[in-house]
Amino acid sequence: MWNLSFTPPTVFPTEVLTRLPDGLRQARRTDWVDANKPGHVMDSFLEGPVFDAHGNLYVTDIPYGRIFRIAPDLSWHLVLEYDGWPNGMAIHPDGSLWIADYRRGILRLDPGTGQLSTVLAHRNSESFKGVNDLVFDRQGDLYFTDQGQTGLHDPTGRVYRLRSNGQLDLLLANAPSPNGLAVNEDSSVLFVAVTRGNQVWRAPLLPDGSLSKMGAFQTFFGTSGPDGLAWLDRDRLLVAHASLGGVFVLNARGEVTGFLRSAAGATVTNVAVRPGTHEVVMTESATGSILIARLPEPAEAPGPT
């Protein structure tokens, strides 16, 4: 059952906006590919889409440690290539790019100069399991997931908050593969994609910053699970599913009201919204493609009970 109206979700078409040019593809094995896609040779694995204030779209290429900028004219530019495995990205209020790097922790990139620096490499001298994704709230606090190789066999994935004053809070330590994150408009609710649990979890954020009564917001199926998340508008959450070939649209009650069906492969790993619009882009990592869909204005919907 997808929703209480007992109707199928609205299916929205997508199209391929652009794809990684052939000249930038590198078909070879890497340690990341061997660990996460065993038996495969991959020429790229795009992730982490995020828009800057000028309409540029940035994406990561995890196994080859690359950050690309896609200009509004759809030309691709290599911003940085380095020794790391960059995954999720977010724009800091100062315009810099913050990167969740599986090997190196939370990094900061100045997109103008290409200078890379470390924000947070460990907690209390203990290395992270492998950070995955991150998001800023409206106060400028950073939430990030420490996923590593956790799953139902090892439900010890973590969610942290790095406050703008430098304080690091451990919010969650029992998630089987925490991945994408989203916060609502007033930063009162945190959503976490729990990939190997095939769920999206929802937690109210209390005034003191702690979590309360975290629960399963929606449950999916498939060989993988929910990956990247993005908050759209007026209680609409976008959920990229890494094995079901698209992005689900959830309303405030957790009902599936829409589905953005991939025009390319089934490995839709992350999703972003162009600021000020209802234009949604997503990374289809198996084919190295950026997909796009245009959603209508939200309809009035009942709030949670």
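The values are calculated or read from the model by the stated rules, or taken from the named source; none is laboratory data. Every value quoted in this text rests on a predicted model; they were computed, and no experiment measured them. Heads up, the Cβs are rebuilt from the backbone with ideal geometry, glycines too, and the neighbour counts pull from every protein chain shown.
Which of the residues that make up segment 43-63 are within 15 Å of Pro86 (Cα to Cα) and polar (S, T, N, Q)?
Once the filter is applied, which keeps residues that are within 15 Å of Pro86 (Cα to Cα) and polar (S, T, N, Q), segment 43-63 yields Ser44, Thr60.
Of all residues being assigned to a loop (DSSP other than H, G, I, E, B) and touching a Phe, Trp or Tyr at 6+ places or on another chain (Cβ under 7 Å) in segment 247-295, which is nearest to Val33 (Cα to Cα)? Just the residue, please.
Here the residue is Ser285.
Can you find a residue that is touching a His at 6+ places or on another chain (Cβ under 7 Å), surrounded by fewer than 22 Cβ atoms within 10 Å (Cβ to Cβ) and assigned to a loop (DSSP other than H, G, I, E, B) anywhere in segment 186-195?
No, segment 186-195 contains no residue that is touching a His at 6+ places or on another chain (Cβ under 7 Å), surrounded by fewer than 22 Cβ atoms within 10 Å (Cβ to Cβ) and assigned to a loop (DSSP other than H, G, I, E, B).
Residue by residue, here is whether (1) more than 30 Å from Thr219 (Cβ to Cβ); (2) over 16 Å from the mean Cα position of the chain (by Cα) holds:
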{"residue": "Glu15", "(1), (2)": "no, yes"}
{"residue": "Asp43", "(1), (2)": "yes, yes"}
{"residue": "Val50", "(1), (2)": "no, no"}
{"residue": "Asp73", "(1), (2)": "yes, yes"}
{"residue": "Ile91", "(1), (2)": "yes, no"}
{"residue": "Leu97", "(1), (2)": "yes, no"}
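Suppose we keep only residues that are modelled with pLDDT of 95 or more and surrounded by fewer than 10 Cβ atoms within 10 Å (Cβ to Cβ) within segment 14-52. Which one would you say is nearest to Val268 (Cα to Cα)?
Only one residue tops the list, namely Asp22.
Does His77 meet the test of being in contact with a strand residue (DSSP E or B) (Cβ under 6 Å, 6 or more places away or on another chain), more than 21 Å from Gly130 (Cα to Cα) and free of Cβ contacts under 8 Å to residues at least 12 places away in the same chain?
yes
How do the pairs read when you match residues in segment 126-139 that are under 19 Å from Asp227 (Cα atoms) with residues anywhere that are aromatic (Phe, Trp, Tyr) and outside any strand (DSSP E or B), using Cβ under 6 Å and keeping only pairs 6 or more apart or on different chains?
Gly130/Tyr102
Would you please list the contacts, defined by Cβ atoms under 6 Å and residues six or more apart or on different chains, that run from a residue in segment 151-177 that is free of Cβ contacts under 8 Å to residues at least 40 places away in the same chain and under 22 Å from Thr195 (Cα atoms) to a residue that is surrounded by 15 or more Cβ atoms within 10 Å (Cβ to Cβ) and of a type in the set (Ser, Thr, Tyr)?
Thr156/Thr150; Gly157/Thr150; Gly157/Ser177; Val159/Thr145; Pro176/Thr150
Which members of segment 205-220 meet the condition of being over 20 Å from the mean Cα position of the chain (by Cα), touching a residue at least 12 places away in the same chain (Cβ under 8 Å) and either loosely packed, with under 15 Cβ neighbours inside 10 Å or within 15 Å of Arg253 (Cα to Cα) (or both)?
If the condition is that a residue be over 20 Å from the mean Cα position of the chain (by Cα), touching a residue at least 12 places away in the same chain (Cβ under 8 Å) and either loosely packed, with under 15 Cβ neighbours inside 10 Å or within 15 Å of Arg253 (Cα to Cα) (or both), then Gly209, Ser210 are the ones that fit.
Suppose we filter Tyr102, Tyr82 for residues that are without any contact (Cβ under 8 Å) to a residue 60 or more places away in the chain and of a type in the set (Phe, Trp, Tyr); which single one remains?
Tyr82
Being under 17 Å from Tyr58 (Cα atoms), in contact (Cβ under 8 Å) with a residue 12 or more places away in the chain and surrounded by fewer than 19 Cβ atoms within 10 Å (Cβ to Cβ) narrows it down to one of Arg253, Arg294, Arg234, Arg274, so name that one.
Arg274
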